[in-house]
Amino acid sequence: MKSALFLVSLLASVPAYAQCNLGNVVTTPIAFAGEYRVPVVTGTVNQKPFRFKLHSSDSATTLNRDALEKLGLPVQSRATHYAGVDVLTAFTDNVTVGAVARSGEVVVLDKHSDLYDGQVGGTMLLRNDLELSFADGYMRQSKPSGCIRTFLASWDPKATVVTFTADPQHNDMRPWFWVTVNGTRVMSTIATDYDYSMIDAHTAARLGLTHDMPGAIEDGTAKGWHDKVHKVSKVPATVAIGNGPTKQSTLRIFDMGISGEVMVLGADFLRANRVLISMSQRKIYITPVKDTMFD
């Protein structure tokens with residue numbers, strides 16, 4: 001009898017595991033603007049509507065100067081640690097994009113766009129778990145608690161899961177993970193602002209992917225580091241992520257210079273796959289919505 005009472009007492013003293021709670025889930029429509037279908041969401045600056053381009057390949061959130069001037073917000077020039085280099089900034093009471101808000105000084109770009117008023121970078125976008133479905137036109141943010149062991153892709157029990165690394169110490173929340181290209185692992189990240197998935201030309205050459213290989217097709221040019229123009233080519237390659245299927249695909253190769261990006265998965269990948277970037281678990285869940293790796 002005493003043993004039974006002791007067991008009951010012991011069990012009562014063991015804390016129950018917290019149930020998975022996704023917290024406040026915020027869904028924001030994505031509009032695809034212009035000829036190149038730029039992904040844009042509507043947020044606010046000082047409680048006024050503001051159009052943000054999704055720009056996950058960069059950490060910074062920036063605002064366009066002409067859009068701020070329409071709101072009556074003053075823009076000022078501030079010196080940096082680099083000799084002769086100044087930066088434009090503005091002070092805001094509140095900048096919101098979906099579930100995330102910030103205030104204070106924001107970097108301003110002296111540029112104009114008919115499609116968007118600013119760019120929301122990875123530091124804001126990836127503060128919460130972020131689900132992206134370009135095919136269905138939405139992004140969904142959540143802040144789970146007690147979910148560290150939960151399979152979060154509730155819509156697909158067979159979703160591919162890959163782990164990733166980030167560098168929050170240096171304010172870089174971009175998820176870096178392995179993608180297998182032609183049988184070799186390549187460090188990659190998701191870039192909502194790239195029209196197409198691209199692999200650095202120098203990395204591609206190690207995998208046998210070159211501008212003059214059989215099957216390569218010229219695909220114009222693109223600007224790299226310091227706005228230097230480089231050739232872009234479409235090349236055939238096999239691509240696999242995690243334990244997902246290997247697919248015959250078309251990749252674009254491009255000299256990314258010293259941007260530090262080896263391979264980026266762009267809008268063509270996000271149109272062909274539903275993706276959940278779980279910052280809380282450091283995992284990415286991927287569900288194909290098309291038969292191809294890239295749309």
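Just so you know, all these numbers are worked out from the coordinates, no wet-lab data involved. Since this is a predicted model, take the numbers as computed values, not measurements. No Cβ is skipped: glycine too gets one built from the backbone with ideal geometry, and neighbour counts run over all protein chains shown.
Only helical runs count toward this figure. For the chain, summing -39,500 (n - 2.57) over DSSP H runs of n ≥ 4 and dividing by all residues gives -3000 deg cm²/dmol at 222 nm. Dividing the mean sequence gap of close Cα pairs (under 8 Å, 6+ apart) by how many residues segment 26-133 holds gives a relative contact order of 33 percent. Near Ala191, the amide H atoms lying under 5 Å from its own belong to Leu265, Gly266; only residues 5 or more places off or on other chains count, and H is placed 1.01 Å from N. The chymotrypsin sites (Phe, Trp or Tyr not before Pro) of segment 36-134 that DSSP puts in a loop, and whose beta carbon has at most 13 other beta carbons within 10 Å, are Tyr36, Tyr82. The modelled label-to-label distance between Ala205 and Trp176, using points 7 Å beyond Cα along the C-beta direction, is 2.2 nm. When only the Cβ of Lys, Arg, Asp and Glu is charged (+1, +1, -1, -1), the dipole of the chain relative to its Cα centre reaches about 1000 debye.
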